[in-house]
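Asks: I have a structure here, written as structure tokens, and I will follow up with some questions on it.
Just so it is clear, none of the values below were taken in a lab; they were calculated from the coordinates. No experiment lies behind these values; they were computed from the predicted model shown. Neighbour counts run over all protein chains shown; Cβ positions are idealised from the backbone, glycine included.
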Amino acid sequence: MDKIIVRGNGPLRGETHASGAKNAALPILAASLLAEGEHSFRNVPQLADVGTMLAVLRTMGCEAERHQGRQKHLCRVRVPHQVVPEAPYALVKTMRASVLVLGPLLARHGRARVSLPGGCAIGARPIDQHLKGLRALGAEIDLSGGYVEARAKRLRGAVVAFDLITVTGTENVMMAAVLARGRTVLENAAREPEVEELAGVLNKMGARISGAGSGEITIDGVDCLRPVDHAIIPDRIEAGTLLVAAAITGGEVLVKNVVPEHLEAVLQKLREAGCRIRAEAGGIRLSGPQTVRPVSVKTAEHPGFPTDMQAQLMSLTSVADGTSIISESIFENRFMHVAELRRMGADISVEGATAVVRGVDRLSGAPVMATDLRASASLILAGLRAEGRTAVSRVYHLDRGYERLERKLRALGADIRRVRE
């Protein structure tokens, strides 16, 4: 098992880039099941979760390969006429996004058997809204032995009003609806850029979807789809993490391969913290402040402040000149990194879903443990600012969502390395 060793050594400077978006790549890979033939996906990040999704596709009989060398960000998926419509527990338990194969399998093959999902321990994250939407489209669904078993001769269009905003639920039902008979309307739909990206890819495959990126998505079903060649959008969360790395060290970094519109809420809070930010061709340049100003934020669905940036912002505010209030409204267990930041000298108290962060003059390096994907990034960010040596263990969480983050930070001047425990 690996761990990351960080020693704070001053401002980061230089250029880097954001990799392809994990949360766009996973549903798009699942969508390949909707069309027989060979799909090509470019700008696919080299992540553990992507490897898991490719493994899921292979268990169904698809040829799914990730190229190496100069084409390491290219994935090809060849989908046969018939697949094995099952996603086994051994794979799904490691990544809840595996449940995204449920909608495509049901739509194209009329049946699916998918294990109930696992993933990060940051909250309950149920799939009841997925199942509600699929039932509205005419699916018969049973839960038995830890599996979702679904059947439908052919799905039919319907109005699906989600009880709460769900990204993967919106994506799963949208993928199912593209081959349904008639029109489907998704109300209270997720508006994340990754949802809009998936809709764009499905339309390239021959689907008829409008309204993606808004709270109401309309899908007119078609009889079949065709394979697609597509480049994945940049990862807005990785880009945000790299920008916070520049901010917390008081450095200046240009992050390329970024869509600024996807990061508006994050950029607003970084400006409030005292950062100077300007858009450049193909990227965002951030100059960190000498003194970080306190900021307060409440996470929310897009276009609000993303929950996936909450832990990173907390690391930044832990060294601010004043008190910040951070409220988490999406996941109930997403303050698990607080105890580890306290080990480094942060002054943070938690009351329910709200954290009060009183900025300190300095952090101190310490052995800490990553509890989930974004928590691992927050601890590395704190280590960039801390005095002395920080050792972050259980970084397999990090590898689920960041493509060798330590290499990108080292190229910017960070004293950081990966070692085998």
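Asks: Please list, in order along the range 286-292, the HN-Hα scalar couplings obtained from phi with the Karplus expression 6.51 cos²θ - 1.76 cosθ + 1.60 (θ = phi - 60°), rounded to whole Hz, x for Gly and Pro.
Replies: Karplus-based 3J(HN,Hα) across the range 286-292 equals 10, 10, x, x, 5, 10, 6 Hz.
Asks: For the range 365-421, what is Rg from Cα atoms divided by 2.2 N^0.38 Å, rounded to two decimals?
Replies: Against the compact-globule rule of thumb, the ratio is 1.02.
Asks: Next up: Going down the list K22/K256; K93/K408; K72/K256; K3/K93, which pairs span over 28 Å between their C-alpha atoms? Walk me through the intermediate numbers first.
Replies: Values: K22/K256 17 Å; K93/K408 30 Å; K72/K256 19 Å; K3/K93 23 Å.
From the list (K22/K256; K93/K408; K72/K256; K3/K93), the Cα-Cα distance tops 28 Å for K93/K408.
Asks: What's the extension gain from N9 to T354 if we count 0.36 nm per residue and subtract their Cα-Cα distance?
Replies: Values: separation 345, 0.36 × 345 = 124.20 nm, distance 3.15 nm.
Once the chain is fully extended between N9 and T354, it gains 121.1 nm.
Asks: In addition: Name the long-range amide H neighbours of E387: under 5 Å, sequence gap of 5 or more, or other chain; modelled H, no Pro or chain starts.
Replies: Hits under the 5 Å cutoff: L363, S364, G365.
Asks: Using 0.36 nm times the number of residues separating K93 and D347, minus their current alpha carbon distance, what extension gain do you get?
Replies: Here the segment from K93 to D347 would lengthen by 87.9 nm.
Asks: Could you work out how much longer the chain between D163 and R181 gets when fully extended? Use 0.36 nm per residue separation minus the Cα distance between them, nm to one decimal.
Replies: Result: 4.1 nm gained on full extension.
Asks: Moving on. With the cut-off at 39 Å, report for the chain the share of all Cα pairs above it, as a whole percent.
Replies: Details: 16913 of 88410 pairs.
In whole percent, the share of Cα-Cα pairs in the chain beyond 39 Å is 19.
Asks: Next up: If the label point is 7 Å along Cα→Cβ of Q290, which residues in the range 12-30 have backbone nitrogen under 20 Å from it?
Replies: Of the residues in the range 12-30, 12-13 have backbone N under 20 Å from the label point off Q290.
Asks: While we're looking at this one, here's another question. Just the number, please: Stokes-Einstein D of the range 18-85 in µm²/s, Kirkwood Rh from C-alpha pairs, 4 °C, 1.567 mPa s.
Replies: It comes out at roughly 109 µm²/s.
Asks: Moving on. When Lys and Arg each count +1 and Asp and Glu each count -1, what net charge do the other residues less than 15 Å away from E387, Cβ to Cβ, add up to?
Replies: Local net charge: +3.
Asks: Let me check against my output: what whole-number percent is the relative contact order of the chain, with C-alpha pairs under 8 Å and at least 6 apart?
Replies: Reported as a whole number, the value is 21 percent.
Asks: Once label points are set 7 Å from the Cα along Cα→Cβ at both R389 and R271, what is their separation, rounded to one decimal in nm?
Replies: Here the modelled spin labels are 4.2 nm apart.
Asks: Now for a different question. Helix 193-204 against the longest principal axis of the chain: what's the angle in degrees, Cα atoms only, rounded to the nearest 10?
Replies: With both axes taken from Cα atoms, the answer is about 30 degrees.
Asks: Need one number: nm distance between label points at E264 and D321, each 7 Å from Cα along Cα→Cβ, rounded to one decimal.
Replies: Once both label points are built, they end up 3.1 nm from each other.
Asks: Can you compute the modelled spin-label distance between S329 and A231, with each label point 7 Å from Cα toward Cβ, in nm?
Replies: 3.6
Asks: Which net charge results for the neighbourhood of L47, defined as the other residues with beta-carbon distances under 9 angstrom from its beta-carbon, given Lys and Arg at +1 and Asp and Glu at -1?
Replies: -1
Asks: Among the lysines, select those whose C-alpha is under 25 Å from the C-alpha of K153, and discard any that sit fewer than 8 residues away in the same chain.
Replies: Within the straight-line cut-off, K153 pairs with K132.
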